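Have a look at the structure below before the remarks.
The values are calculated or read from the model by the stated rules, or taken from the named source; none is laboratory data. Just so it is clear, the structure is predicted and the values come from calculations on it, not from any experiment. Cβ: placed from backbone, ideal geometry, glycine included. Neighbour counts: every protein chain shown.
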Amino acid sequence: MGSGRWSTDVYSAAASYRAATGTSAFAYSDGGARKAHPALDPKGGVTQRESRDSDEHPLSTPIAVLFDVTGSMGGVPRVLQTKLPQLLGLLTRKGYATDPHIMFGAVGDATCDRVPLQIGQFESDNRMDDDLARIVLEGGGGGQKMESYELAMYFMARHTSLDSMLHRGRRGYLFLIGDEMPYPRVKPREVREIIGDELGEPIGTEAIVAELQRTFDVYYLLPTAAGWGGDAEVLTRWRKLLGQNVIELDDLDAVCETIALTVGLGEDAIDLDAGLADLISYGSAATATVGKALAPLRRTPAPRSGNIRL
């Protein structure tokens, strides 16, 4: 997937229509949905989420954004939805990434939630907004400082296909946004029930992260205002898994700018100072927040070893 081009006019027209009719941007969830939308069901008819090159987008850059929709994290998709034009503008008009394909998805708790995993498709046009609007904002969670991030990482490792990797040896980007830890292992029962695969034995979370990192640069964004924001145990666990690619974000409203600049840094399209200057030119109020969040990547640039530069 990944054909077509994003139109701010189409986005604005849809937003104006919703405002005029009093319709929510998340009508599927706000209408009381209790199961994944068919387009986002990881056990549905589409077994692979694909980022494909095309005549329109010959050098695709896959970017996946999966966020925790339990409890205090429920506001993340609403912020993302309102800032989609800014995210796409930074990625494309500022040249941070060539031909970006963006996927949205959501993570819950497979031990207790009705909808523990929702995965959209890689899109380059306004269908990404449609996928975002279909996400169920469940607001549940088990209360034990863990959610099923490992299940989401399993899906991304084994059920995605990226032309950027197949044809150019270039990994995609995966951003996990949340405030809790993954469970210690991928469980066969959950994989069978939620995704449909048969596993002979559990997979340790460290092992699935290592497998995932063959095709994605993986980042974990922790908003400090979330329920477990700043928690030492959560940060230590993720840093053991991802090293420097753990980003603490003081202001949730800065999530799109943080994602865009992280991709720009990873693609060697900008340095951090240039990216922050771009935010100022966009009129963003997030410059200080983003600068603080991405300071560790300035000190030690995120590795892109194994990627072939053209």
Could you count how many residues in the range 128-162 are touching a Gly at 6+ places or on another chain (Cβ under 7 Å), charged (D, E, K, R) and under 21 Å from Arg52 (Cα atoms)? 1
Enumerated helices (runs of 4 or more DSSP H) restricted to the range 130-206, each holding at least 3 residues that are out of contact with any Phe, Trp or Tyr (no Cβ under 6 Å at 6 or more places or on another chain) and more than 25 Å from Val76 (Cα to Cα): 163-168, 188-194
Might you check whether a residue that is in a loop (DSSP other than H, G, I, E, B), among the aromatic types (Phe, Trp, Tyr) and more than 25 Å from Gln121 (Cα to Cα) occurs anywhere in the range 218-228? yes
Restricted to the range 31-53 and to residues being part of a helix (DSSP H, G or I) and in contact (Cβ under 8 Å) with a residue 24 or more places away in the chain, the residue nearest to Ile195 (Cα to Cα) is Leu40
Please work out which one of (1) surrounded by fewer than 19 Cβ atoms within 10 Å (Cβ to Cβ); (2) of a type outside the set (Lys, Arg); (3) under 20 Å from the mean Cα position of the chain (by Cα); (4) not in a helix (DSSP H, G or I) is the condition Trp6 fails and give its number. (1)
Hey, can you tell me all the residues within the range 12-26 that are in contact (Cβ under 8 Å) with a residue 60 or more places away in the chain and under 20 Å from Gly75 (Cβ atoms)? Ala25, Phe26
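I want to confirm something. Restricting to the range 128-185 and keeping residues that are basic (Lys, Arg) and more than 16 Å from the chain's Cα centre (by Cα), which single residue is nearest to Asn245 (Cα to Cα)?
Of all residues in the range 128-185, those basic (Lys, Arg) come to 134, 145, 158, 168, 170-171, 185.
Now drop any that are not more than 16 Å from the chain's Cα centre (by Cα), which leaves 145, 158, 168, 170, 185.
Details: Lys145: 20, Arg158: 21, Arg168: 23, Arg170: 18, Arg185: 21 Å.
Looking at residues that are basic (Lys, Arg) and more than 16 Å from the chain's Cα centre (by Cα), I get Arg170.
Which one of Asp273, Asp278 is in contact (Cβ under 8 Å) with a residue 40 or more places away in the chain, more than 18 Å from the chain's Cα centre (by Cα) and part of a helix (DSSP H, G or I)?
On the way: Asp273 fails: in contact (Cβ under 8 Å) with a residue 40 or more places away in the chain.
Asp278 is the lone residue from the list that is in contact (Cβ under 8 Å) with a residue 40 or more places away in the chain, more than 18 Å from the chain's Cα centre (by Cα) and part of a helix (DSSP H, G or I).
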Just checking, how many residues over the range 103-115 are farther than 16 Å from Val76 by Cα and touching a strand residue (DSSP E or B) at 6+ places or on another chain (Cβ under 8 Å)? 3
Residue list for the range 25-59, filter: of a type in the set (Gly, Ala, Ser), modelled with pLDDT under 85 and either under 30 Å from Asp163 (Cβ atoms) or in contact with a His (Cβ under 6 Å, 6 or more places away or on another chain) (or both): Gly44, Gly45
